[in-house]
Structures are given as C-alpha cells and as structure tokens.
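Below is one structure, written out as structure tokens; the observations come after it.
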Amino acid sequence: MTSHFIELEERYGAHNYHPLPVVLARGEGVYLWDLDGKRYLDMMSAYSAISFGHSNPRLVRALTQQANQLNLVSRAFYSDKLGPFLEKACEMFEQDRALPMNTGAEAVETALKAARKWAYKVKGVAPEQAEIIVCQNNFHGRTIAIVGMSTEAQYRDGFGPFPAGFKTIPYGDAAALEAAITQNTAAFLLEPCQGEAGIIFPPAGYLQHCAEICQQHNVLFIADEIQTGLGRTGKLLACQHENVRPDGLILGKALGGGILPVSLFLSSNEVMNVFQPGDHGSTFGGNALAATVGLEALRLLEQQGLVERSAKLGAYFLAALKRIGSPLIKEVRGKGLFIGLEVHPEKVAARDICLKLMKQGILAKDTHHTVIRFAPPLIITQEQIDVVVEAVKEVFASYPSIE
Ligand SMILES: *Cc1c(COP(=O)(O)O)cnc(C)c1O
C-alpha cells in the first residue's frame, strides 16, 4: 500500500517536492503514524505550522463546532467570528489593525501592497518609484513577485519577468541597509531569523539597529514572522528578542493551528488606512471558520504557556544536540524550539541523515542539503526530546568515523 500511494502522487502530481518515502495516515500531538502503523516523532511540524500538535483536541473542537454553524460568507458581509479574532491579534501583537488572508505568501503580498501604497499616499514618494529592500537568502513564499525578490536561483529560474522595485542587501548588515535607503524607500522586509535559508540568526543587535535606521528615514520595518512567530523561537515574536515592535507584521503557518491556512498582515492605522473598499481582498480571507481556528490558536498559545515552554525546552534540546559532537556536524544553532543542525556537506548529505532518522522513527527534513531542522510542536515534552536526541546520536554514530 505504501508504494501504491507514493506511485499515485508521483504519477498524478507535479514533481515540485521531493518527499521522504513515508505515507502518513494519522497524527496526534507530536506523533505521526504511517500506513503500517509505525509511529514517528514529528520534528518538522509542517515547516513550523504544527505548533499545537497534530489534531489538537481544542482546535478540532472549535473547528467542528464552527463548521456546523457557519463557514464562508465572504467579506461582502460581517460575521460574528472575524472581529473577535482581529481584536485578539491586534492586542497580542500591539498593532492597530489586521488584514486577514489565507497563505503566508498572500499576507506577504498584502504587506508589499500596503507598503507601496503607504509610500505614495502618506510618505509622498513619486508615482511608480517606490522601493522595497529585502535580504539575501530571504524566503517569503512562492508568488511571482516574491520569488522575484529571492536570491535563490532555483526559486526564480524560468519564472521571469519579475516586478521591479526591489533591492537586495546582505542579511545581518545594518550599514548595508542604511546605504541602500533612498527617498523612494517604502519598506525594509526581513525575517528576524531566516528559516528556509537554514535557521540563520543575524548578529545580536541587528534587528534593533535596523528598526532605528528605518524610523530615522521614515521607512517601514516589516517583519515576516510567518515561521518565527507565535513562540517558535521562545518569544511570542522573534523581534521581541531585541524589543523591536515592527511597523508591519506578517503571520501565518501556526496561526491556522496546523489545520487551515490562516494568515494576517498587521500594522498601524497610518499604514492600514491606505486600503479603501475594493483595493484588495480574498474570497476566503478571514472566513468564519478560519477566524475561529485562528482565535483559538492564539488563546491556546497564551493559556498553555507555550511561548515559555518553547524557550525552556528549546534551550534543553539545543544543549543536548550540541553535546553529540560528531565530526560530521559543523554547527548546531537555535533559539527556542527552532533549531538547525548543519552537517559538513563534503562528509555527509543531510537527506541521508533524514532517511536514517526516519528508520529510527523521527521525521525531520533537510533544507538546502546541509541543515536539518528540528522544530517540533511546542507541546513536546522533555522525555520526547530525550528520545529524539538518542536517535540522532545513534544515527551519527552509525557512520564510519572520518577524521
Ligand atoms: C512558509 C513561509 C512563507 C510562505 O508561507 P506559505 O503559507 O507557504 O505561502 C513566507 N515567509 C516565511 C518566513 C515562511 O517561512
């Protein structure tokens, strides 16, 4: 049966992913089960979207109750669920207003549109001249505008022409930001920690320094916290490690509780008020079902102390992985339950390690062939982390020693 379902996907699906050869049929908490009933610990969490665990009972209850009541009416009408969700999000993230979309990429597009329109209507940039500054090795999604601002050759290859108006600077270099800003700069968009690039943390003080530079030059500081937000790095937002409150904030992934695509762009009145009825929208954005799940996800995060849990267990996990000390490991880095283990690519392929971990009942995936991401659901326990660390240790020990 396993090979049957793999063959079906390979035969009828576009080959835009290269999955590990496992067919999953059930999930609960930090565990996933394949068709043969073999259990796995999930270290991938669907690229950090499963912070509350698979089929979290509270989220499933909220979902099913609401599904029986009201799902989609579109934004042509009000619902009794969207307002409370937006209010909670604005309060938690200290922003005036929020615009709901579905996927992360759509929320990033929303941020880009808001920044440009703000530049023209409020800042006074000349028509068609607005610039947005982004970082090398960024990942903000897969639409044409977004891959147009990527520096990853594969993400761009064959998809041009791309929209103009983007400038790229090195990540982690605040002086480069200051040098790149002109009178036409609308916004600086960045990930406070680069996820897909391989869990890359900027130097200490960088976020704060960049936020100051943006403020001095009347440039919006927009944080893409789709992956790093909602406690993933041990703070509610990764920007809070440096006490930065971004002018624009993008959330997604875990916001949908690992069940639905739910994303938000949040900002000030000054920015958000550039949107007039008809300027922007999405048929499913902010639907009652999505708003219900999003609100319950935010409540869970608070009520279950998951942010603090991520900080505490992340530190424990990081220290344990660092102690493994195999010559195949180049570096282990992380904040909260957002950890990257980088191998020496000339000695071992990260995918090979992931395949061996899979045999041991651990699901992890490499990014860029060299970094294995450990980003489990935030509800993971210390005992479960111990199991993962033992398995990782065994896998590295299984390679003939190379000096
Ligand atoms: C995953 C991700 C996105 C894109 O989100 P989708 O829901 O896949 O469109 C954007 N930015 C960051 C930082 C991400 O990690």
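The values are calculated or read from the model by the stated rules, or taken from the named source; none is laboratory data. Note that the structure is predicted; figures quoted are calculated from it, not measured. FYI the Cβ positions are ideal-geometry reconstructions off the backbone, even for glycines, and counts take in every protein chain you see.
Points to keep in mind about this one:
- Residue tally, condition outside any helix (DSSP H, G or I) and of a type in the set (A, V, I, L, M), over the range 115-128: 2
- Candidates in the range 361-403 are the residues that are of a type in the set (Gly, Ala, Ser) and more than 19 Å from the chain's Cα centre (by Cα); of these, the one that is surrounded by the most Cβ atoms within 10 Å (Cβ to Cβ) is ALA391.
Matching residues to (1) at pLDDT below 95; (2) assigned to a strand (DSSP E or B); (3) within 20 Å of GLY257 (Cα to Cα):
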site: ARG11; (1), (2), (3): no, no, no
site: ALA14; (1), (2), (3): no, no, no
site: GLU28; (1), (2), (3): no, yes, yes
site: ARG61; (1), (2), (3): no, no, yes
site: THR64; (1), (2), (3): no, no, yes
site: GLN69; (1), (2), (3): no, no, yes
site: PHE77; (1), (2), (3): no, no, no
site: GLU87; (1), (2), (3): no, no, yes
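- Only one entry of LEU99, LEU112 meets the criterion of being within 16 Å of the ligand (Cβ to nearest atom), part of a helix (DSSP H, G or I) and either of a type in the set (Val, Ile, Thr) or surrounded by 21 or more Cβ atoms within 10 Å (Cβ to Cβ) (or both), and that entry is LEU112.
- Qualifying residue in the range 273-289 (condition: within 16 Å of the ligand (Cβ to nearest atom) and surrounded by fewer than 23 Cβ atoms within 10 Å (Cβ to Cβ)): yes
- Qualifying residue in the range 56-65 (condition: within 30 Å of GLN276 (Cβ to Cβ), surrounded by 14 or more Cβ atoms within 10 Å (Cβ to Cβ), in contact with a helix residue (DSSP H, G or I) (Cβ under 9 Å, 6 or more places away or on another chain) and among the basic types (Lys, Arg)): no
- Flag if ALA49 is within 16 Å of the ligand (Cβ to nearest atom) and touching a residue at least 60 places away in the same chain (Cβ under 8 Å): yes
- Residues that are within 29 Å of LEU295 (Cβ to Cβ) and either in contact with an Asp or Glu (Cβ under 7 Å, 6 or more places away or on another chain) or within 16 Å of the ligand (Cβ to nearest atom) (or both) within the range 12-30 comprise LEU24, VAL30, listed in sequence order.
- Restricting the range 172-187 to residues that are in contact with an Asp or Glu (Cβ under 7 Å, 6 or more places away or on another chain) and either closer than 14 Å to GLN136 by Cβ or of a type in the set (Ser, Thr, Tyr) (or both), the residue that is surrounded by the fewest Cβ atoms within 10 Å (Cβ to Cβ) is THR182.
- When GLY314 is tested against (1) under 23 Å from GLY248 (Cβ atoms); (2) surrounded by 15 or more Cβ atoms within 10 Å (Cβ to Cβ), exactly one condition is not met: (1).
Quick grid of which residues meet (1) away from the ligand (no atom under 13 Å from the Cβ); (2) crowded, with 20+ Cβ neighbours inside 10 Å; (3) modelled with pLDDT of 95 or more:
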site	(1), (2), (3)
LEU189	no, yes, yes
CYS193	no, yes, yes
ILE200	no, no, yes
ALA211	yes, yes, yes
GLN215	yes, no, yes
ALA223	no, yes, yes
ILE226	no, yes, yes
LYS235	yes, yes, yes
GLU242	yes, no, yes
